[in-house]
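Colleague: I am attaching a structure below and will ask some questions about it afterwards.
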Amino acid sequence: FREFFQAHGRGGSLLDIGCGEAPLAGFFAACGFSYSAIEPSPKHARAAANNPQADIRKDSFRSGVFDRKFDVVLLNFVLEHLFDLGATFALLRDEYLAPGGRLFITVPNVETYLRDGIQFYAHEHAQF
């Protein structure tokens, strides 16, 4: 993940959907990105306090949160929480991703969690 962005990051604008406490904000800034994020949980307050240079909004992933499009949209361990993938990708295409932009998705690898004995499986991750 980090190696990819260090090698291919070209700067520009990046939207991190479901950023949690925004642990990657500093990394993306170091790669030259202008960092924006959406986080619906109370973690938003910590994310915003720890990253005053970033545009982090407490909201759900929906239409109208930002009035601009982004060069990169990141769903890092978020896809498995979404119910309607068709609507999700249409919203990303129509409102969030700039022409020629890139969508970057990561999902949990349950094999790693099982191997390492980490309790991960929860009902909200059982969408697919």
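The values are calculated or read from the model by the stated rules, or taken from the named source; none is laboratory data. Bear in mind the structure is a predicted one, so any value in this text is a computation, not a measurement. With ideal geometry, Cβ positions are generated from the backbone for all residues, glycine too; neighbour counts draw on all protein chains shown. Just the protein is used for accessible areas: all its heavy atoms, side chains included, with ligands, DNA and RNA removed. Shrake-Rupley method; radii C 1.70, N 1.55, O 1.52, S 1.80 Å.
Colleague: With out of contact with any Gly (no Cβ under 7 Å at 6 or more places or on another chain), among the charged types (D, E, K, R), at negative phi and in contact (Cβ under 8 Å) with a residue 12 or more places away in the chain as the only criterion, which of GLU39, GLU21, GLU3 stands out?
Modeller: GLU21
Colleague: Looking for whichever is touching a Pro at 6+ places or on another chain (Cβ under 7 Å) and not basic (Lys, Arg) here; the options are SER60, SER41. Which one fits?
Modeller: SER60
Colleague: What is the number of the single condition among (1) within 17 Å of HIS8 (Cα to Cα); (2) touching a helix residue (DSSP H, G or I) at 6+ places or on another chain (Cβ under 8 Å); (3) open to solvent by 70 Å² or more (accessible area, probe 1.4 Å) that ARG102 does not meet?
Modeller: Every listed condition holds for ARG102 apart from (2).
Colleague: In the stretch 73-93, what residues are open to solvent by 80 Å² or more (accessible area, probe 1.4 Å) and farther than 14 Å from ILE17 by Cβ?
Modeller: Residues satisfying the conditions are PHE83, ASP84.
Colleague: For LEU92, indicate whether it is aliphatic (A, V, I, L, M) and under 24 Å from ASN109 (Cβ atoms).
Modeller: In short, yes.
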